[in-house]
Amino acid sequence: MTQVAPRFAARSLAPQPEGTDGLFSQTWFPVCRSDEVVAGQVQGFDFLGGRVIVIRDDDGQARVLSAYCPHMGADLCTGEMIDGTVRCPFHFWRYDADGRCIATGSGDPTPPTARLFAFPTAERYGCIFAFNGETPLFDIPDFPDAPKKLIWKTGEYDREMPADPWVICCNTPDMQHIQVVHGISFDNGMPHDRVEWTPHSMVYEFDGTMRDGSAIRFRVGIFGANIYWQDGYIDGRWFGFVAPMGLPRPGNSRLFFTVGVEDDGSDPPAAREFLDAMYALEVHVATEDLPIIEHARFKPGTLTRSDQTLARFLQYLRDYPRAHPSAAFIS
């Protein structure tokens with residue numbers, strides 16, 4: 001029997017999954033919340049399919065290091081902080097905050113190759129971030145136009161999502177999705193021509209109306225392949241929102257939420273009430289997306305004219321730099 005080929009062959013525009021060929025996006029990934037790491041303790045976390053530890057140095061600054069001792073492979077998360085160093089539980093080798101082995105338990109000379117991978121580390125928005133690379137390619141986004149005095153609220157989604165962070169981030173350039181799922185109308189049409197692109201970000205601004213009738217003016221964007229950023233006004237009041245997404249292992253995302261609002265001291269209870277309301281709003285918007293993502297087989301292929309920014313974002317992701325310099329250390 002002769003088989004007839006389909007008239008149109010399906011073609012996915014999706015980027016490669018994280019971890020393909022052992023490589024991951026070179027971006028700032030949140031590893032944990034700030035309150036999960038206290039001075040004098042070693043905490044271990046899954047990261048990029050491997051393991052890292054997070055500590056605070058003598059100045060209280062967070063450091064992210066590879067977790068496995070290069071001597072015999074013990075997981076340093078079961079070690080101790082001794083005089084500002086991480087002591088391995090297996091043979092008492094000790095590592096400083098830069099990952100250098102400074103002493104062995106036996107008194108043998110420290111081998112020059114005995115070191116941990118020290119990730120570029122930053123602490124912002126209630127999270128501790130590690131950059132996947134030896135030198136960061138961009139800074140964690142700030143809010144340059146924000147009021148001077150702010151208060152913040154940080155939380156985390158109650159479970160990991162079974163999708164890479166970039167999959168979730170595709171909702172931001174997906175303007176069809178913003179309209180139909182979140183009920184946001186654009187006052188002047190979809191702002192495809194107002195998107196600002198860099199090699200490591202995309203941001204656009206729009207005026208609109210929310211489903212409940214609230215007037216909004218937002219700048220929204222994605223930094224790297226995993227950080228959602230939003231700056232704007234709702235009914236004339238400023239608030240900022242960041243949703244960085246961690247990558248404990250390929251195909252899984254850990255979601256964090258941070259909201260900031262102005263608190264000039266004139267009415268702290270009102271500022272706190274607005275903060276809680278904006279946090280609840282953003283969590284609600286995010287949770288409208290998550291059941292879809294959790295069950296979808298993400299395979300973009302047939303796009304329409306409303307998807308022009310999404311199509312360019314998919315190309316941005318396909319071109320985005322990937323690497324894994326810590327692979328030999330964390331696995």
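Values in this text are rule-based calculations from the coordinates and carry no lab data. Because the structure is a prediction, the values reported are computed rather than measured. Cβ sites come from the backbone with ideal geometry, for glycine too, and all protein chains shown count toward neighbours.
Each Lys and Arg Cβ is given +1 and each Asp and Glu Cβ -1; about its Cα centre, the range 221-331 then shows a dipole of about 1000 debye.
Normalising by the residue count of the range 150-322, find the relative contact order in percent from Cα pairs under 8 Å and 6+ residues apart. Taking the mean separation of contacting Cα pairs over the length of the range 150-322, I get 28 percent.
If you take the Cα centroid of the range 197-211 and the Cα centroid of the range 287-329, the two points sit 17 Å apart.
Taking every alpha-carbon pair under 8 Å whose residues sit at least 6 apart, the range 20-131 reaches a relative contact order of 26 percent.
For the peptides 27-34, 314-321, 87-94, the ranking by packing is 27-34, 87-94, 314-321, with the highest mean count of neighbouring Cβ atoms within 10 Å listed first. Sorting 246-253, 182-189, 79-86, 63-70 by their mean Cβ neighbour count within 10 Å, with the most densely packed peptide first, gives 63-70, 246-253, 79-86, 182-189. Local charge for G105 was computed over the other residues whose Cβ lies under 9 Å away, with Lys and Arg +1 and Asp and Glu -1, and equals +1. Taking a ≥ b ≥ c as the square roots of the eigenvalues of the alpha-carbon gyration tensor, the chain is classed oblate because a/c is 1.5 or more while a/b is no larger than b/c. In a reduced charge model with +1 at each Lys and Arg Cβ and -1 at each Asp and Glu Cβ, the chain shows a dipole moment near 1140 debye about its Cα centre. Think of the chain as having a plus end and a minus end, set by charges on the Cβ of Lys, Arg, Asp and Glu; of L48, P30, H91, L48 sits farthest toward the positive end of this dipole. By the compact-protein rule of thumb, 2.2 N^0.38 Å, the alpha-carbon radius of gyration of the range 119-275 corresponds to a ratio of 1.08. For the chain, relative contact order (Cα pairs under 8 Å, six or more residues apart, normalised by length) works out to 23 percent. Largest GNM mean-square fluctuation among S306, S25, S106, using the chain with Cα springs under 10 Å: S106.
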